[in-house]
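J.: Mind having a look at this structure? Questions to follow.
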Amino acid sequence: MRTLTMISFIILTILLTYPCGAGYITVNTSVDLKDVSTLNCSFIIKNDYRKNILITGIGFKISDRNGYGFEMESNMSTSKRIDLNESVTFRYNIPLTKGDPLEKFIRKGYMDLLVRGEVRAVIDNESVVIPFKASKTVHLKMNEIMRAVRPSIEDIDVKVSRYNNQRIFVYINVSVKNPNPVAMENDYGYRLWLYRDGGWVLCYGSGGFNTIEPNETCVISHRYELSNRNLLPYLMNKSRVKIKIAGSMFMYFKEGSFYPIYFELPFEKVFVVNVSDITGEKKTDVTHTMHTPVSQKARVYYKLYRDNKTGFKIAYPGDWDIIFPEVSNISYYNFTFGEIESCVMFKDRRTPACVLVIVSAGRCSLDEIREVLLKNLKKFAIVVDCRDTVIDDKRGFEVIYKRPFGVPVKQKLVVLVSDGRYYMIQCSVSEELYDEYENTFDEIVSSFSLSNKTPGFELISVILGVSVGYILRKRSI
């Protein structure tokens, strides 16, 4: 009985000393808008314990309670020591899910959010997990209200081609104009029908996202191969067909200084088009989507990123986002780089396309890196091409490969070695979009520089209110 009482006392003492996270820390959650489509989420963690606490990680899940369908989850490892009565802040920029969640939020003007998460910590050499929960309401904020001009759909064009009497391709071009002095985001979708035997037959539907620059007319172009076996024999013998296209565009400003903040543009049009015959080389099966300004097809503005830690410079498209992943070390297909000195990602807002730049310390030669990377890469991916390259007078190599599992991804990896550092540039996008982004990837990679020049680009100044900004423009050849 005495032994049992002693065990009970010990257990009670431990429970009082380590009360399952209670009393260790306080987590204050703050959520507001960075812009119309991005949440700024902050977690302030305060040490309420009698000793220092080591924060080893934080994970959270944020979702709306309005039925919009928005949900975001994040889990991060870290190593932050907090002294008694001190605090540390973790900040995240969280993009709202495009499509219905974002559109419903913009239409209604507010969103009720539920934040649930946990903080992982080490206290007195014991690992503990402290849960937290908070409810927040986020409202759209309007600053200086300026009257927005309604955008317009300028033209819709449809063409149908028959390839070697075996395959049918449909080409769709929709021109939309943004008459406002700032860029607008565009979420669009449409369906296409074919008229047959007295009624409309749905062929397919598509959609996507793009950014339309100020005072620009943009052409959204899709090419699609019909795969409906019932329609193919019918179209093979037709010289003219009747087609209907119907859809809508949801266009909005990321900054809240214009009113209305969004416009909805429904459209519908019926065509009678000729079926043209094409012969020659086999066409690809991939559906292509391009967003091209009418005024200047090749017009692409780049911004210059300068890395303060390692001194490299690289150009990236002006409408891409910059992300700074938190990394301490990286193993790339079983090749372990040294200490990471810099890591930055450039991400297209409209698609999964991204470019990751990593700089690390290292002692291996370029040939040693290539040998190890290629050997291990071939175990996990399909290597399409590998060649030597020279960028900014630095010798390197590039590998193009495809990931055959999961979502098909095609990537381009460029590795340079200079003055005891590895410079890795990885370009990545879904395989079906790689051809569309290939030129952009090449331009970004070729702009990489460790010197004062930026190959292929010239620096021009732009007046931004009372300030002068700088962007890059591709040099004319």
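J.: Return the lysines within reach of residue 242: Cα separation strictly under 20 angstrom, same-chain partners fewer than 8 residues apart disregarded; answer none if there are no such residues.
T.: By straight Cα distance, residue 242 reaches 159, 269.
J.: Relative contact order for the range 137-267 using alpha-carbon pairs under 8 Å, separation at least 6, rounded to a whole percent?
T.: The normalised contact order for the range 137-267 reaches 32 percent.
J.: Another question, then. Which of the peptides 410-423, 85-98 is most tightly packed, and how do the rest follow, going by the mean number of other Cβ atoms within 10 Å of each residue?
T.: Top of the packing list down: 410-423, 85-98.
J.: Continuing with this model, one more query. If the cut-off is 19 Å between C-alpha atoms, which lysines fall inside it for residue 378, apart from same-chain ones fewer than 8 positions away?
T.: Qualifying lysines at Cα under 19 Å: 402, 410, 412.
J.: Further question on the same structure: Summing +1 for each Lys or Arg and -1 for each Asp or Glu, what net charge is found among the other residues whose Cβ lies under 15 Å from the Cβ of residue 52?
T.: 0
J.: Within 11 Å, Cβ to Cβ, of residue 307, how many net charges do the neighbouring residues add up to if Lys/Arg are +1 and Asp/Glu are -1?
T.: Residues near residue 307 contribute +2 overall.
J.: To continue, here is another question. Under the 0.36 nm per residue contour assumption, what length would be gained going from the current alpha-carbon distance of residue 93 and residue 442 to full extension?
T.: This chain segment gains 122.8 nm when fully extended.
J.: What is the sum of charges, Lys and Arg at +1 and Asp and Glu at -1, for the other residues whose Cβ falls under 13 Å from the Cβ of residue 28? Intermediate results must be reported in sequence, preceding the final value.
T.: On the way: positive: 46, 91, 133, 136; negative: 48.
That sum, taken over residues with Cβ under 13 Å, equals +3.
J.: Right, something else. Hey, can you grab everything whose amide H is under 5 Å from the amide H of residue 180? Only 5+ residues off in sequence or another chain; H modelled, so Pro and N-termini drop out.
T.: Residues meeting the criterion, in which the H sits 1.01 Å from N, are 215.
J.: List the aspartates and glutamates whose Cα sits under 17 Å from the Cα of residue 141, skipping any in the same chain fewer than 8 residues away.
T.: Residue 141 reaches 32, 35, 103, 112, 255.
J.: Could you tell me, in Å, what Rg and Dmax come out for the Cα atoms of the range 105-201?
T.: 25.9, 78
J.: Give me, ordered by chain and number, the residues 5 or more places off residue 25 or on other chains with an amide H under 5 Å from its own placed amide H.
T.: 48
Readers should treat all values here as calculations from the given coordinates under stated rules, not as data from a laboratory. Small disclaimer: the values here were computed from a predicted structure and weren't measured. Cβ coordinates were reconstructed from backbone atoms using ideal geometry, including for glycine residues, and neighbour counts include every protein chain displayed.
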